[in-house]
Amino acid sequence: MARSAVLGLPRIGPDRELKFALESYWAGRTGAAELQETARGLRAASWRRAQAAGLDVIPSGEFSLYDHVLDTAWALGAIPQRFGDAGRDRSELAGYFALARGTADARPLEMTKWFDTNYHYLVPELHPGQTFALDASHWLTQFHEAGALGVQTRPVVLGPFSFLLLSKGLDRPLDLLETLVPVYGQLVRELAAAGVRELQLDEPALALDRAPGELDAFERAFRALAVEAAEAGVEIALATYFAGLDTSGALERVLALGAAEVHLDLVRAPSQLEPALAALAALGGASRTRLSLGVLDGRNVWAADLDVALDRIDRATAALGSDRVTIAPSCSLLHVPYTAAREDGIDPEVRGWLAFAAEKLDELRTLHAAAGAVKRDALLAPAREAISSRRTSKHTNDPAVRERAGALSTADYDRAAPYPERRAAQRERVPLPDLPSTTIGSYPQTPEIRAKRRELRAGAIDEAAYERFLEGEIDHVVEVQERLGLDVLVHGEPERNDMVEYFGERLAGFAFSAAGWVQSYGSRCVKPPILYGDVSRPRPMTVRWWQYAQSRTAKPMKGMLTGPVTILQWSFVRDDQPRQETATQIALAIQDEVLDLERAGAFAIQVDEAALREGLPLQRAQQDEYVRWAVDSFRLTVAPARPDTQVHTHMCYSEFTEIMEHIVRLDADVISIEASRSDMDVLDAFTGAHGIEYPNEIGPGVYDIHSPRVPSPEEVERLLELAESRVGRERLWVNPDCGLKTRRWEEVLPALEAMMEAAKRRRAAAPARV
């Protein structure tokens, strides 16, 4: 009979228990014992939920206190020298968190997006001659914990191929496979000695476009590791996800390796099922590899069409036999909230269309039962009703929105003047100094701000009192910026709970969960809006707060908006129409806000597209189409702005080299990017080093806001010098890496003082390049 499995489970806790335990530990209010006790409780609860759902295969070891890639680097002893003795005792949490958050003397590991998700991982740093030394306690501890609860688990390990390719520091990271695989072999032996009989080896990097030489290296590494596993009596279940293996030539090669099981993401790449079945058939009796079918979307919140999933299961079962089929979500459930059952505030009809982690486990149970049943109608009836309701609901269709989008022409995507003319008009309207300074948008969301928001929700204060409080917060932020000497100010966004959720709450077509939290990085959690219908803007969303902030200063105040692709990427977006159509609808809604800000007098309007790069499909064949419509969505948003209105954008954690021509086509007057963790290396993509030079203005982040450490003026000045050595000073801005929402004022003030002191010194120095 087919078995059921899940590749990973949410780990932050239904009420973000891990977040609060981490932050209490970091603040020194609680110790390591209390943090570890919270973690043990969360793991136990997850295993019991999976066990109660009747799963045949339950994961362990994928739970992390911060990030699973960091866990792997820490366990392998890949600890950069700048952290000194941090890794001497790998049971000490202080050293582990030093890599994640930095210290007074050492910057943290770089952070970037986990493939094309909104989860961030910490980038391992390797060096020539790198050696590894295993500490297997991360996996052993969790395996034993589950066993003590009577739960047999399958440890989850990030594979050596993906670990190396996700690292930085070496031009040819796969050259280290020969050194690394024996360490993984040692891990397999230690797990086997503890009683492990099946190991999940995650190799998501296989799903990218892989060169033949890379696949050769993977094959050698896997075969060597498989020998170790066979001798130890451990089965290897090889997991791939986020894209298919059928476009790079990897599928047949992977299936021929003789893994006990191979997992395929059939949500993102359903086309790989038939080639996979054909490849296994061609191997005949030489292969007993099981096929794990990722038929439930592990990255979105919609109830599955179980008839479609069963069709794929039936085809695999007919070809292989049920004993060689595993039914699973497409990837780890890390990317979805815990349960939709407690979301009483969502319209009951819309709530019936949702499946968070708990509901996906129920779907797995239904699929498992239906796969072995002759009569399925009774089992599938509730799922069929939900699918039918969603397809026919008036909630999802607004004829006026569709008519407006359908009337667009190519001229609707272009600014009225080219950038050189716009730059001249903007400088005439608002002269700015050399190296103009600004911040990205948000200032600290203090406990007082969050408390007032809770009081408003609870009815303890009225809207008028809340708005008076927010005006006071804006007054404070403006005063701080005036005192620091910043040139282009922001209002600090005290009214915004989240840069996407705030706008979603004011746009038609969105629903909002009360506890739909997912992990973004470390203790940072987000609650993505649920985009279920056609999008429009009923009324202005930000103009009132911009007008108040601008009234408090003579300096230019940026209007702050979130762009259409970021709203799309950071929402649980509808899957019943092409994403391009949804992005166009959002762009038109945000365009209305751009025009209202401009009419109110805004000189600078920032439309953040922090997530544009992360939406890039993993395989090159699909990338050009995505980037074309993603950039078009931004252009549509700002196209009607006057030439003397300065349009800014901001992008997070992005590698730009391969998409520079599209970044140029954005045609923002000023782009700000995160650059400090890369020591300004990211600027190489903007300077013509790879064939395309960015012609407009750019603000490379000069200090990392995701770490609590405060840079010195000398550190920031050095980064500015590096930036000036790449980009002409006349095009450079000075700003932090990202918004300051997650930081405390005790960190923000000295960091901005250091930034402004460094800018002052650079302004006094001769330009590095004219």
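The values are calculated or read from the model by the stated rules, or taken from the named source; none is laboratory data. Computed from a predicted model, the values in this text were never measured in an experiment. Positions of Cβ are backbone-derived with ideal geometry, glycine not excepted, and every protein chain shown enters the neighbour counts.
Residues to consider are Ala383, Ala405; find the one that is buried (at least 20 other Cβ atoms within 10 Å of the Cβ) and in contact with a helix residue (DSSP H, G or I) (Cβ under 6 Å, 6 or more places away or on another chain).
Ala383
Looking only at the range 453-476, filter to residues that are without any contact (Cβ under 8 Å) to a residue 60 or more places away in the chain and under 21 Å from Pro556 (Cβ atoms); which one of those is surrounded by the most Cβ atoms within 10 Å (Cβ to Cβ)?
Filtering first and then ranking leaves Glu473.
Of all residues in the range 314-347, how many are of a type outside the set (S, T, N, Q) and under 29 Å from the mean Cα position of the chain (by Cα)?
Summing the residues that are of a type outside the set (S, T, N, Q) and under 29 Å from the mean Cα position of the chain (by Cα) in the range 314-347 gives 18.
Mind checking which residues of the range 300-313 are over 24 Å from the mean Cα position of the chain (by Cα) and outside any helix (DSSP H, G or I)?
Asp305 - this is the single residue of the range 300-313 that is over 24 Å from the mean Cα position of the chain (by Cα) and outside any helix (DSSP H, G or I).
Conditions tested, residue by residue: (1) in contact with a His (Cβ under 8 Å, 6 or more places away or on another chain); (2) on the phi < 0 side of the Ramachandran plot; (3) in the same structural domain as Asp67 (by TED's automatic domain parsing).
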residue	(1), (2), (3)
Met111	yes, yes, yes
Leu122	no, yes, yes
Gly129	no, no, yes
Ala133	no, yes, yes
Ser137	no, yes, yes
Thr141	no, yes, yes
Ala148	no, yes, yes
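Identify all residues within the range 21-37 that are more than 18 Å from Gly95 (Cβ to Cβ), surrounded by fewer than 16 Cβ atoms within 10 Å (Cβ to Cβ) and either hydrophobic (A, V, I, L, M, F, W, C) or in the same structural domain as Tyr521 (by TED's automatic domain parsing) (or both); write none if there are none.
Within the range 21-37, just Ala27 meets the criteria.
For Arg709, are the conditions met, namely being of a type outside the set (Asp, Glu), part of a loop (DSSP other than H, G, I, E, B) and touching a Gly at 6+ places or on another chain (Cβ under 7 Å)?
yes
Name every residue in the range 721-739 that is at pLDDT 95 or above and hydrophobic (A, V, I, L, M, F, W, C), in order of residue number.
Within the range 721-739, Leu732, Trp733, Val734 meet the criteria.
List the number of the failed condition for Ala370; all other conditions in (1) in contact with a Gly (Cβ under 7 Å, 6 or more places away or on another chain); (2) within 30 Å of Arg3 (Cβ to Cβ) hold.
Unmet condition: (1).
Filter the range 188-201 for residues that are touching an Asp or Glu at 6+ places or on another chain (Cβ under 9 Å) and either under 14 Å from Ala221 (Cβ atoms) or not assigned by TED's automatic domain parsing to the domain that holds Leu225 (or both) and give the result.
Listed by number, the list holds a single entry, Val188.
Which condition number in (1) of a type in the set (Asp, Glu); (2) part of a loop (DSSP other than H, G, I, E, B); (3) surrounded by 15 or more Cβ atoms within 10 Å (Cβ to Cβ) is the one that Glu363 fails?
Looking at each condition in turn, Glu363 falls short on (2).
Could you tell me which of the residues Ala239, Ala230, Ala286 is modelled with pLDDT under 95, more than 30 Å from Val350 (Cα to Cα) and not assigned by TED's automatic domain parsing to the domain that holds Trp517?
Only one candidate passes the filter, namely Ala286.
Using beta carbons and a limit of 6 Å, which pairs, at least six apart or on different chains, have the first residue in the range 353-371 and under 13 Å from Val295 (Cβ atoms) and not assigned by TED's automatic domain parsing to the domain that holds Ala511 and the second one in a helix (DSSP H, G or I) and not acidic (Asp, Glu)?
Within 6 Å, the pairs are Thr366/Leu379; Leu367/Ala309; Ala370/Leu310; Ala370/Leu379; Ala371/Ile313.
Please tell me if Tyr443 is at pLDDT 95 or above, at negative phi, hydroxyl-bearing (Ser, Thr, Tyr) and not assigned by TED's automatic domain parsing to the domain that holds Gly533.
No; evaluated as a whole, the condition is false for this residue.
Restricting to the range 487-506, what's the tally of residues that are surrounded by 22 or more Cβ atoms within 10 Å (Cβ to Cβ), over 23 Å from the mean Cα position of the chain (by Cα) and assigned to a loop (DSSP other than H, G, I, E, B)?
Number of matching residues: 3.
Which one of these is outside any helix (DSSP H, G or I), in the same structural domain as His144 (by TED's automatic domain parsing) and over 17 Å from Trp139 (Cα atoms): Gly8, Gly13?
Exactly one of Gly8, Gly13 is outside any helix (DSSP H, G or I), in the same structural domain as His144 (by TED's automatic domain parsing) and over 17 Å from Trp139 (Cα atoms), namely Gly13.
Please enumerate the residues belonging to the range 712-728 that are in a loop (DSSP other than H, G, I, E, B) and not aliphatic (A, V, I, L, M).
Hits for the range 712-728 are Ser712, Ser725, Arg726, Gly728.
Just to verify a result, which residue in the range 179-204, among those that are surrounded by fewer than 17 Cβ atoms within 10 Å (Cβ to Cβ) and farther than 16 Å from Ala133 by Cβ, is nearest to the chain's Cα centre (by Cα)?
Only one residue fits best here, namely Arg197.
Can you find, within the range 417-452, the residue that is farthest from Arg761 (Cα to Cα) among those that are basic (Lys, Arg) and in contact (Cβ under 8 Å) with a residue 24 or more places away in the chain?
Among those that are basic (Lys, Arg) and in contact (Cβ under 8 Å) with a residue 24 or more places away in the chain, it is Arg422.
I want to confirm something. Restricting to the range 209-234 and keeping residues that are in contact (Cβ under 8 Å) with a residue 40 or more places away in the chain and acidic (Asp, Glu), which single residue is nearest to Gly195 (Cα to Cα)?
If we take residues in the range 209-234 being in contact (Cβ under 8 Å) with a residue 40 or more places away in the chain and acidic (Asp, Glu), then Glu228 is nearest to Gly195 (Cα to Cα).
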